[in-house]
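See structure below.
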Amino acid sequence: MLIDNFDSLFLDLDGVVYRGSKAIPGAVEAINRAQQMGRKIGYITNNASRTQQSIADQLVGFGLEATPDQIIGSAAAGVKLLAKKVPAGASVLVVGGEGLIKEVELAGFRRVEKAAENPQAVIQGFSPSVSWPDLAEASYAIQNGAIWVATNQDWTIPLEQGIAPGNGTLVGAVHTAVGILPEFAGKPFRPIFDAALDQLGATRPLMIGDRLDTDIKGAHAAGIASASVMTGVIGNKELLGAKSDERPSYVLNDLADLFESYPEPSATKHGVRVGKSQVELLGDRVMLTDGHPDDIATLRAATNLIWTSGRPIYGLQVDPELLGGAVA
């Protein structure tokens, strides 16, 4: 089984464990099984709007055995980064939700709400309640010289109704006003992965996520093996066209695939075979010559072929049946 290679799982939340208020089918069973097998479980989230306790409570509500110390969030990572920039007790303007506010206060910083109070720093995280006045106050404070730290740069978040704007869009609004970018603490940046390794005492972790630009890229930078799942925001097209530093070590349909053997791709005369699927590169055309287009083996074969071809995806003609549709 794939899971036999690892002592711990670092799990993204949105798109991996749940989507909105509902658990992803099969995720709870898979995580509980891994934990019963003795694997350490950590939940690494860029969501800075909620406390560790509230996230753990939600996971318990799904049927998971989760505790606050298993939650590694960008709020805490952001505050640790902030502590390296400003002295203890410094005044900080917080743009974000309860989770970020609590971490700032626990660290001993003095929270302020207006740029007129001359904060020494601004820390920004996502919350559905963040409004234009909040972004404006942050902009004024930064223009007046305040240090700017952001918990993460996720451009979108997956919800039950669809894909919604994330913290990156809000950071982008402030960036447009002030002309500079903040330092980021969450995925794909190193602070949150270092926190996870320390917090869990992991030595052979597998990072599992549904985002190439945060989960997978961050794992690459931290030297951690990674797996993408097809239960969140990523689709076949994005995966096939992944940049070299955003390519996962493993491509999974969902968390249940952890308990299956992971087949090695084998080279054929013109392409790659995985299981019953064969994908070939004939001239500039990438095409499925054996197997079903919706089989996960097909996606694994196609990614391997394109990623090892040495050619960018925009220079290839990928058959439409390989670019979309549900993976089975």
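The numbers here are math on the coordinates, done by the rules we state, and not lab data. Please read these numbers as outputs of a predicted model, since none were measured by experiment. Cβ sites come from the backbone with ideal geometry, for glycine too, and all protein chains shown count toward neighbours.
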Going by the alpha-carbon gyration tensor, a ≥ b ≥ c the square roots of its eigenvalues, is the range 150-260 rounded (a/c under 1.5) or, if a/c is not under 1.5, prolate (a/b greater than b/c) versus oblate? oblate
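Answer rounded, prolate or oblate for the range 18-70, using the Cα gyration tensor with square roots of eigenvalues a ≥ b ≥ c: rounded when a/c is under 1.5, else prolate when a/b is larger than b/c, else oblate. Don't jump to the answer; show the numbers that get you there.
Working: a/c = 1.91, a/b = 1.30, b/c = 1.47.
Oblate.
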DSSP beta bridge pairing in the chain, given as percent antiparallel to the nearest 5: 35 percent
R39, R311 arranged by Cβ crowding within 10 Å, fewest neighbours leading: R311, R39
What FRET efficiency comes out for the pair Q317/E260, r = Cβ-Cβ distance, R0 = 25 Å, nearest 0.05? 0.20
At q = 0.16, 0.22 Å⁻¹, the log10 of I(q)/I(0) for the range 195-323 from a Debye sum over equal Cα scatterers comes to -0.78, -1.35
Determine the shape class of the range 55-169: with a ≥ b ≥ c the square roots of the Cα gyration tensor eigenvalues, call it rounded for a/c under 1.5, and otherwise prolate if a/b is greater than b/c, oblate otherwise. oblate
On each of the three principal axes the extent of the alpha-carbon atoms of the chain, given in whole Å and largest first, is 68, 45, 34
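What is the order of D215, D295, D284, fewest Cβ neighbours within 10 Å to most?
On the way: D215 30, D295 18, D284 10.
Fewest-to-most Cβ neighbours within 10 Å comes out as D284, D295, D215.
Volume per residue, Å³, of the convex hull around the alpha-carbon atoms of the range 266-322?
On the way: hull volume 3.8 nm³, N = 57.
Residue-normalised Cα hull volume stands at 67 Å³.
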Calculated from DSSP helices alone, with each H run of at least 4 adding -39500 (n - 2.57) and the total divided by the residues of the chain, [θ]222 nm to the nearest 500 comes to -8500 deg cm²/dmol
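Of T169, T51, how do they rank once you tally other Cβ atoms within 10 Å and put the fewest first?
Details: T169 15, T51 20.
Final ranking by Cβ density, sparse to dense: T169, T51.
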